[in-house]
Amino acid sequence: MDPATPYPSKRMPVLARNVVATSQPLAASAGLRMLLRGGNAVDAAIAAAAALTVVEPTSNGIGSDAFAILWDGKRLHGLNASGRSAATLDPNRYDTVPQRGEASITTPGAVSAWVETHRRFGSLPFDALLEPAIAYAAHGFPVSPITARAWQQGGQVLGDRADFADAFLPGGRAPRAGESWRFPDQAETLRIIAETGGEAFYRGSLAEKIAAHVRAGGGDLAEGDLDAHRADWVGTVSTSWAGTELHEIPPNGQGLAALIALGILRHTDVADAEVDSLHAVHLQIEAMKLAFSDAYRYVADPDHLDVAPADLLDDGYLAERACAIDLDRAGDPGHGVPKRSGTVYLTTADADGRMVSFIQSNYAGFGSGVVVPGTGISMQNRGAGFVTQAGHPNRIGPGKRPFHTIVPAFLTEGGRPRSSFGVMGGPMQPQGHLQMVLRTVTWGQNPQAASDAPRWRVVEGRTVAVEAGFAPEVLDGLEAKGHHLTRTTPDTSFAFGGAQLIQALPDGGYVAGSDHRKDGHAVGY
């Protein structure tokens with residue numbers, strides 16, 4: 001099968017009273033199946049998340065971390081299910097932060113997110129939610145095109161690891177688009193997780209296998225670290241924009257960067273600018289640079305922060321930061337000094353008003369490259385989010401949650417849910433959140449249009465990557481202001497992430513959009 005789609009196509013927004021939007025169609029179907037069985041949006045999210053570990057292993061796995069923001073029909077909740085580094089980790093062991101391998105692994109939290117959200121808000125039996133994922137792994141499924149391409153790229157990076165190659169490169173290569181993929185070991189692991197309600201993963205047979213394999217390869221993670229892990233209900237942090245509130249998970253996630261950027265733009269005239277105009281794009285890019293400068297300096301494990309999120313979101317401080325934007329020149333800012341006081345994203349909503357914004361990831365593609373033999377558990381490399389700088393709140397150390405790139409988002413309006421959304425893709429995520437809020441709230445675009453629109457992405461310094469679709473005069477104007485532009489092609493658009501959005505309709509029901517940059521789609525009934 002030739003996976004190419006050489007002709008222009010257009011996705012339409014999906015409107016329904018129950019909806020699921022994910023980056024892989026089989027995962028979207030898994031979530032929809034739970035809704036059709038009488039489950040709620042939380043059940044659908046868990047089923048889709050579990051299925052994604054099977055059908056899109058290039059971005060997440062059973063050894064992932066996860067975060068969630070959900071509206072239970074009455075109020076908003078935020079869950080941090082990221083894991084901590086090993087309790088025995090010695091920071092003096094590292095001159096540089098490990099990027100791959102056993103030393104890059106922190107305690108995986110995704111399974112705890114499934115268990116905890118189900119415990120508090122689920123309606124169907126937990127084991128029923130993992131049935132689609134188990135069936136896909138046991139009986140096989142045809143690999144989708146974008147996932148196949150990412151699989152090949154992951155194999156080129158990690159293929160020299162025997163545990164990875166044995167699991168994901170049978171016969172010495174990645175599966176091609178349209179080829180059937182089965183992973184019986186993963187099916188058995190998911191079955192054990194389903195039967196034990198996740199207990200075996202943190203305090204049983206699976207925990208023993210994880211710890212033994214990681215430590216055999218020189219890592220620090222031990223059974224005690226898995227046993228000590230808990231997902232935490234942490235609420236959200238937020239900032240206002242044009243009558244709405246953007247909610248993000250508090251640090252250690254980078255969602256704070258989106259809030260800072262939006263707060264800075266509140267002190268500009270961006271809302272009066274035309275969508276995709278030179279002035280609008282320049283202001284967004286400059287606000288995002290300022291926000292990243294602060295986030296990289298101050299975001300860390302919440303127990304080790306030296307500046308509170310509220311101080312970074314203080315309106316007076318944000319007004320000062322807005323003054324640092326030069327309307328005529330691209331900047332390369334450092335962090336401010338406030339006063340002190342590989343990823344999959346999915347979203348679901350049901351007819352009773354529940355909405356879920358959920359994200360899980362192994363970080364860099366397949367993650368660390370470590371795959372626990374006989375289990376299909378691919379381990380994340382979230383330890384790569386630490387720094388080695390002495391005195392930095394995010395310095396690598398024992399029992400700490402690292403700076404995290406994965407962040408779900410949620411918009412409320414007048415105390416009611418407006419939209420659940422996310423844009424997967426490393427540092428693209430808060431930048432995508434900013435662009436989605438402005439497109440849907442300020443410029444009134446529907447979720448699919450906001451997802452389809454061309455994106456910009458701050459890289460470093462004055463370098464900005466831009467997708468095709470911006471007017472030539474806008475790109476010329478950005479370069480005239482000193483931005484160093486990197487123009488991308490459709491083949492490199494993966495760096496701009498993948499969005500999924502669900503927006504509540506005034507008269508009931510929802511409108512959903514799903515990113516054409518990924519394999520997935522939105523479904524509903």
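The values are calculated or read from the model by the stated rules, or taken from the named source; none is laboratory data. Note that the structure is predicted; figures quoted are calculated from it, not measured. When we count neighbours, we look across all protein chains shown, and the Cβ atoms used for this are built from the backbone with ideal geometry, even at glycine. Protein only, heavy atoms only, side chains kept; ligands, DNA and RNA dropped before computing areas. Shrake-Rupley method; radii C 1.70, N 1.55, O 1.52, S 1.80 Å.
Karplus-derived 3J(HN,Hα) values for the stretch 240-245, using 6.51 cos²θ - 1.76 cosθ + 1.60 with θ = phi - 60°, are 8, 8, 6, x, 10, 10 Hz; glycine and proline are entered as x. Just need log10 I(q)/I(0) for the stretch 68-164 at q = 0.14, 0.19 Å⁻¹, Debye formula, equal scatterers on the alpha-carbon atoms, no solvent, rounded to two decimals. Summing over Cα pairs of the stretch 68-164 leads to -0.94, -1.16.
Note on H118: accessible area is roughly 40 Å² with a 1.4 Å probe, heavy atoms of protein only. About its Cα centre, the dipole of the chain is roughly 440 debye, where the only charges are +1 on Lys and Arg Cβ and -1 on Asp and Glu Cβ. Accessible area per residue (1.4 Å probe, heavy atoms of protein chains only) ranks S293, S451, S205 as S205, S293, S451, with the largest value leading. Can you compute the helix-only [θ] at 222 nm over the chain? Use -39500 (n - 2.57) per DSSP H run of at least 4 residues, normalise by all residues, nearest 500 deg cm²/dmol. Calculated from helices alone, the mean residue ellipticity at 222 nm is -10000 deg cm²/dmol. Note that the stretch 166-182 has calculated 3J(HN,Hα) couplings of 4, 7, 10, 10, x, x, x, 8, 6, x, 8, 4, x, 6, 7, 10, 10 Hz, one per residue in order, obtained from phi through the Karplus relation 6.51 cos²θ - 1.76 cosθ + 1.60 (θ = phi - 60°); glycine and proline are x.
Remark on the chain: hydrodynamic radius 22.8 angstrom, per the Kirkwood mean of 1/r across alpha carbon pairs. Leaving out ligands, DNA and RNA, what percent of the accessible area of the chain is carbon and sulfur, probe 1.4 Å? In the chain, the share of accessible area belonging to carbon and sulfur is 51 percent. Rounded to the nearest Hz, the phi-derived 3J(HN,Hα) couplings of the stretch 381-390 under the Karplus curve 6.51 cos²θ - 1.76 cosθ + 1.60 (θ = phi - 60°) are 10, 5, x, 5, x, 6, 10, 9, 5, 4, where x marks glycine and proline. The trypsin sites (Lys or Arg not before Pro) of the stretch 1-84 that DSSP puts in a loop, and whose beta carbon has at most 12 other beta carbons within 10 Å, are K10, K74, R75.
Counting only the Cα atoms, the stretch 86-127 fills a convex hull of 110 Å³ per residue. With Cα atoms defining each centre, the stretch 81-118 and the stretch 132-162 are spaced 23 Å apart in the structure. When the Cα convex hull of the stretch 1-154 is projected onto planes of every orientation, the mean area is 13.0 nm². Put +1 on the Cβ of every Lys and Arg and -1 on every Asp and Glu Cβ in the chain; which of L36, L305, H213 then has its Cα farthest towards the positive end of the dipole? Of the options given, the answer is L36.
Tell me, in nm to one decimal, what length is gained between V275 and C323 on full extension, where the rule is 0.36 nm per residue of separation less the Cα-Cα distance?
Numbers: separation 48, 0.36 × 48 = 17.28 nm, distance 2.22 nm.
Stretched fully, the V275-C323 segment lengthens by 15.1 nm.
Quick check for you: with a 1.4 Å probe and neighbouring chains kept, what is the accessible area per residue of the stretch 286-384, in Å²? Averaged over the residues of the stretch 286-384, the accessible area is 33 Å². Counting only residues at least eight positions apart within a chain, or on another chain, the lysines with an alpha carbon under 28 Å from that of K209 are K400. Between R173 and L505, the simple spin-label model (points 7 angstrom out along Cα→Cβ) gives 4.7 nm.
Heavy atoms of the protein chains alone define the surface here; on that basis the stretch 130-235 has 44 Å² accessible area per residue at 1.4 Å probe size. Amide H contacts for W241 (H built 1.01 Å from N in the peptide plane; partners 5 or more residues away or on another chain; cut-off under 5 Å): L246.
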